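Heads up, the thing below is written out as structure tokens.
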Amino acid sequence: MKTKLGALLRPIRNSRHFTIKEVAAKAGISSSLLSQIERNRISPSLDTLLHILEVYGVPPNKFFKDYETNSRVEIIRKDDRKIYQRKGFKYEMLCGESQAKGNHSFNAFFLELAPGQKRGDSVDGHLGRELGIIVKGSAQLIYGQELYEICKGDSVSFFSQTPHVIQNLSEEIFQAYWVVTPAEGEDYFGDKVI
């Protein structure tokens, strides 16, 4: 498998608001070399890569944690899903445990809210993005100060940094498939669920 390091390095540089010239100078390489690495024209030597990661303040073990040698397909059979159920709501985990780890982690679950129930946090958001696909019923999404009605057949996506709550104001069960990224560090089954 050919690893495209440029696809990993460029977003780190952009997130830190560094120019190619700044990083190259701090890493002791030419701007041209860094540009070629980011465009996947050449692969850096291990020394060069370590110098670049040092400039970004990213430990090598964190940078490479997505490249596990035992990557595999995980199939979760319907009867084997982990189910978290509390009064008025239920989550069925849809993705395998390995998908909830690493730089590109995500968590996917089937959400069910009873009439009158709500999940989320109206005060704090969290890092990441979310995607919901509504398969039954309707609910109200409170996103910051904005209100949105979401109904069967709709999909909704948003940045999770803004506080958000989903509440079922209808008389029927609300059901949706939900994906949250990144997965690590979030308490999906406590008070900050969505």
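No lab work stands behind these numbers, since they all come straight from the coordinates. None of these values were measured; they are calculated from a predicted model. Virtual Cβ from ideal backbone geometry, glycine too; neighbours counted across all protein chains shown.
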Packing-based order for 152-163, 125-136, using average beta carbon neighbours within 10 Å, highest first: 125-136, 152-163
Taking R0 as 22 Å and r as the Cβ-Cβ distance between LEU147 and LYS87, the FRET efficiency 1/(1 + (r/R0)^6), rounded to the nearest 0.05, comes to 0.35
I'd like the FRET efficiency for GLN161 and ARG39, computed as 1/(1 + (r/R0)^6) with the beta carbon distance as r and R0 of 30 Å, rounded to 0.05. 0.50
Taking 7 Å along the Cα-to-C-beta vector as the label spot, tell me the ALA114-CYS95 distance in nanometres, rounded to one decimal. 2.9
